[in-house]
Amino acid sequence: MAPDPVSQFASWFADAVEAGLPEPNAMVLATSSAGGLPTARTVLLKGYDQQGFVFYTNYESRKGRDLAENPRACLLFPWHPLRRQVRVEGKVTKLPREDSAAYFHSRPYGSRIGAWASRQSAVVRSRDELDARFRELAERWPEDPPLPDFWGGLRVVPSEVEFWQGQIDRMHDRLRYRHTKAGWTLERLAP
Ligand SMILES: Cc1cc2nc3c(=O)[nH]c(=O)nc-3n(C[C@H](O)[C@H](O)[C@H](O)COP(=O)(O)O)c2cc1C
Ligand code: PXP
């Protein structure tokens, strides 16, 4: 195992890509409201480094509202064909606007209009209403829509990261990194 979880993640992520897993960067993001109600959904990992794990979303969506009132999250990478899973826990911070803008402008035009057209997680009357909203916004910005102020990146800053490897007889390997004042400590957990 690597001395820190991000280096270890890099190695397992490379294995997931190499193995040809569909959407190897898909991860389940769990959040919880201030009242303690948990929810989970899939998002795409768009970057990671020693600072943490980054994804992009609508800040006013259900997850966005959860994270505004309770900025803690758990990420789960379900790499079943490799008999592996990685779980990341930590605090969540917003990306600087210039970083969100750089990513937003790298997205295809339609996805950028889509971000504007979707009040993510709100109830919509119909598919037609959604499509009409898309067309209206595409007319407004025939090219280069700006970054919406309600959209951008979030970073999960890891405090614990667990690497799970399936083994025979359900005697799996579970190795957990925990961030302490002294740096990262690595512990083995019972399967
Ligand atoms: C494979 C996959 C990847 C997804 N990636 C994202 C993403 O990166 N950002 C995002 O906002 N929604 C993404 N979604 C949609 C979310 O799962 C979810 O439906 C949406 O963000 C609204 O979630 P919420 O109402 O809990 O906030 C993805 C869905 C799937 C199935
Ligand atoms: C609503 C939504 N936002 C953002 C993303 C992130 O991916 P991309 O920036 O590549 O569209 C996805 C991917 O499914 C998505 O569905």
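Points to keep in mind about this one:
- Estimated [θ] at 222 nm from DSSP helical runs (n ≥ 4, -39500 (n - 2.57)) normalised by residues in the chain, nearest 500: -8500 deg cm²/dmol
- Shape call, segment 5-188: gyration tensor on alpha carbons, a/c limit 1.5: prolate
- Legend: calculated FRET efficiency, Arg188 to Arg72, from the Cβ-Cβ distance at R0 = 30 Å, rounded to 0.05, equals 0.75.
- Among the trypsin sites (Lys or Arg not before Pro) in segment 66-122, those located in a DSSP loop and surrounded by at most 14 other Cβ atoms within 10 Å of their own Cβ are Arg83, Arg119.
- For segment 5-188, the dipole from Cβ point charges (+1 on Lys and Arg, -1 on Asp and Glu) about the Cα centre works out to 520 debye, to the nearest 20.
- Packing rank of 4-12, 31-39, where each peptide gets the mean count of other beta carbons within 10 Å, highest leading: 4-12, 31-39
- Counting protein heavy atoms only, the chain has 52 percent of its accessible area on carbon and sulfur, 1.4 angstrom probe.
- Gap separating the Cα centres of segment 49-70 and segment 13-32, nearest whole Å: 18
- Distance from segment 165-185 to segment 116-137 (C-alpha centre basis), Å: 44
- Per residue solvent-accessible surface (Å²) - segment 11-132, probe of 1.4 Å: 55
- Remark: relative contact order (the chain) = 22 percent; criterion is Cα-Cα distance under 8 angstrom and separation of 6 or more residues.
- Look at the Cα gyration tensor of segment 100-151: its axes a ≥ b ≥ c give a/c of at least 1.5 with a/b at or below b/c, and that counts as oblate.
- Backbone amide hydrogens, once placed in the peptide plane, bring His172 within less than 5 Å of Gln167, excluding anything fewer than 5 places away on its chain.
- Virtual spin-label span in nm between Arg127 and Lys181, 7 Å along Cα→Cβ: 5.9
- Coil-residue chymotrypsin sites (Phe, Trp or Tyr not before Pro) of segment 97-133, DSSP, other Cβ within 10 Å capped at 12: none
- The slack in the chain from Lys94 to Asp49, taken as 0.36 nm per residue of separation less the alpha-carbon distance, amounts to 14.7 nm.
The values are calculated or read from the model by the stated rules, or taken from the named source; none is laboratory data. All values reported here derive from a predicted model rather than from experimental measurement. Methodologically, a virtual Cβ is constructed for each residue, glycine included, from the backbone with ideal geometry; neighbour enumeration extends over all protein chains shown. The accessibility values were calculated without ligands, DNA or RNA, using every heavy atom of the protein model including side chains. Shrake-Rupley method; radii C 1.70, N 1.55, O 1.52, S 1.80 Å.
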